[in-house]
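The values are calculated or read from the model by the stated rules, or taken from the named source; none is laboratory data. Fair warning: this is a prediction, and the values are worked out from it, not measured in the lab. Glycine also receives a Cβ, built like all others from the backbone with ideal geometry; neighbour counts cover every protein chain displayed. Ligands, DNA and RNA are excluded from the accessible area calculation, which covers all protein heavy atoms including side chains. Shrake-Rupley method; radii C 1.70, N 1.55, O 1.52, S 1.80 Å.
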Amino acid sequence: MRLPALALLLAAGLLRTQASPPARSFQLDYEENCFRKDGAPFRYISGSIHYARVPRPAWRDRLLKMYMSGLNAVQVYVPWNYHEPLPGVYDFAGDRDMEAFLDLTAELGLLVILRPGPYICAEWEMGGLPAWLLWKPDIVLRSSDPAYLAAVDSWLHVLLPKVKPRLYQNGGNIISVQVENEYGSYYACDYEYLRHLLGSFRALLGSEVLLFTTDSTQAEELRCGTLQGLYATVDFGPGSNVTEAFGAQRQVEPKGPLVNSEYYTGWLDYWGEAHASTSPARVARGLEDMLQLGASVNMQVVSRYMFHGGTNFAYWSGADFKDQYKPVTTSYDYDAPLSEAGDPTEKLFAIRTVISKFQPLPVGPMPPATPKYPYGRVVLQKYADLLDVLDMLCPSGPIQSQFPLTFEAIKQAHGFVVYRTQLPRDVLDPAMLGAPPHSICDRGYVMLQKEYRGTLERDGQTMLPVTGKAGDTLDVLLENMGRISFGANISDFKGLLGNLSLDSSPLSNWQIYPLAIDAAIQQGWPHAAPPKSSNGGRAGPAFYTGTFETPGITWDTFVKFPGWSKGQLWINGFNLGRYWPRRGPQQTLFVPGSVLHVGCPNNITVLELEGAPPAPFLLFLDQPLFNKTLSCST
């Protein structure tokens, strides 16, 4: 299953040994139940890190700390949607420069277990699949649906040629490559799909690379997630019986190395639930038990292995569906051995001690925690209500439709869309504005005549009482909180999926505004524009701005939102993600020092969705806060 803590991969051999192995080889030895690297028995102890959750300037620091922890490999996901935002449009620059990240791992002496999907889960938006796949509403994801396979093939023909020169047998440091991810947990159980992927990976990467799968220890999942020609590995956490868990792997792989591809060193957080944690002693004990069996291990933070989790910047956090929709927090700290800010924790040193019992540690000290700075209090001013700047945020104007259209129908992947109509009649006595079940995806902020009336929520409140006159303007700002990343519900359409009604009478004649907020902010708005005149005390969606200067340093920091409700934060045009202190548990957002400036003002833009405090300010701290979970109804 997942993407986010410490992933210790247990390995003993993925390709049958040859009589005369080549000078550089990484193979499975089925006789000795081990991996062989250049002909010699080999075990890897790896940890997961997601380059998409770590700013590029911090890559070296995080990887070096992983190396000094005693790891000899890292496990790396490739999120398809991070690199192909639109069909045929590819982005491998800056923070998305996967090749630079892989080359850095090689420079630091780390081997790589690569997990290129096409589906990855990782608690990442839609499990790494691009939202534009849903432009075809009836597409069957993760299956042999021709439309899906065509998109996958196009992507793999771009991605895998970048990988091939970096394979171990070709002189690089990638020792194995995973095909799909925890496919046995998906309802489709489509062997034709797995066979298609196997053929594509072999055609594009060659016959020598070790290809593998990962599934839970459940027999049914191993049945649907494994395929001849792909070495089957398992994942489980510290609470599992190690012997029984590897016994499940032995049911599908009677010979070969034992491998735990996702050893959960922690767990992820959902908005509205308690901050997750796993004791260092428990994690260390489970790791030692596996290593004593000769297994290879990858340490992850939750159902998604993390040695270092990082941050779900912008709109990249995913969601789960467990009886209800459960969006993942912006922080992907997951109680990992390296914290969200990259700091070594007690858990890291406990793991390092265990590793030292089985292999020598690198010589030298562990790099220290990155410096933090409490920049203090920064006063903000209201710039404008969101509805007063629609011309800036949607310059092409609204889309006209008799009934609401989904985000996917109007080709809006992330963020926000305004749905506007008029009351068809006078409503002197309160009438119920309502939505069909499961049709608010995911939160709808309701304004009537620009006055905020309340919030509709997926799996929550879906009705509000309203009064007004015929012709009054009704606006609903829809927020996408992240597409489901695991399970059967990953075709997670966003927006208004059904029509709103007034006392059961459907509303019609909608104007739909897809908002390009990030594009406007990256072009200097709103700091380069004069403030709009607006009702300073009005609740509801509004933009706030402010600036601060650093005292000659750009150190990492954490920003707290005293009295704020829920929204999005940008500093110097960089989208730092969602804040939601009313819901919790996360109370601060991580601000990497690399986004800050020295010698000029740092521009802050906040989109508050429900209501800012009367005297709005932000507070910059030198440590994060994860408070008790607050009410899920706020």
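Residue count for region 396-424, restricted to those that are part of a loop (DSSP other than H, G, I, E, B) and open to solvent by 40 Å² or more (accessible area, probe 1.4 Å): 9.
Of everything in region 436-454, what is open to solvent by less than 20 Å² (accessible area, probe 1.4 Å) and under 32 Å from the mean Cα position of the chain (by Cα)? Give them in sequence order. Passing the criteria: SER439, ILE440, CYS441, ASP442, ARG443, GLY444, TYR445, VAL446, MET447, GLY454.
Is it the case, given these coordinates, that VAL378 is in a strand (DSSP E or B), more than 30 Å from GLN27 (Cβ to Cβ) and β-branched (Val, Ile, Thr)? Considered against the rule, which asks whether it is in a strand (DSSP E or B), more than 30 Å from GLN27 (Cβ to Cβ) and β-branched (Val, Ile, Thr), VAL378 comes out as yes.
Can you give me the ranges of the strands (runs of 3 or more DSSP E) entirely in region 460-558 with at least 2 residues that are open to solvent by 50 Å² or more (accessible area, probe 1.4 Å) and closer than 30 Å to ARG583 by Cα?
463-468
GLU208 - would you say it is in contact (Cβ under 8 Å) with a residue 24 or more places away in the chain and over 25 Å from the mean Cα position of the chain (by Cα)? Against the criterion (in contact (Cβ under 8 Å) with a residue 24 or more places away in the chain and over 25 Å from the mean Cα position of the chain (by Cα)), GLU208 qualifies. The set of residues in region 178-199 that are open to solvent by less than 30 Å² (accessible area, probe 1.4 Å) and either among the polar types (S, T, N, Q) or at pLDDT below 95 (or both) comprises GLN178, ASN181.
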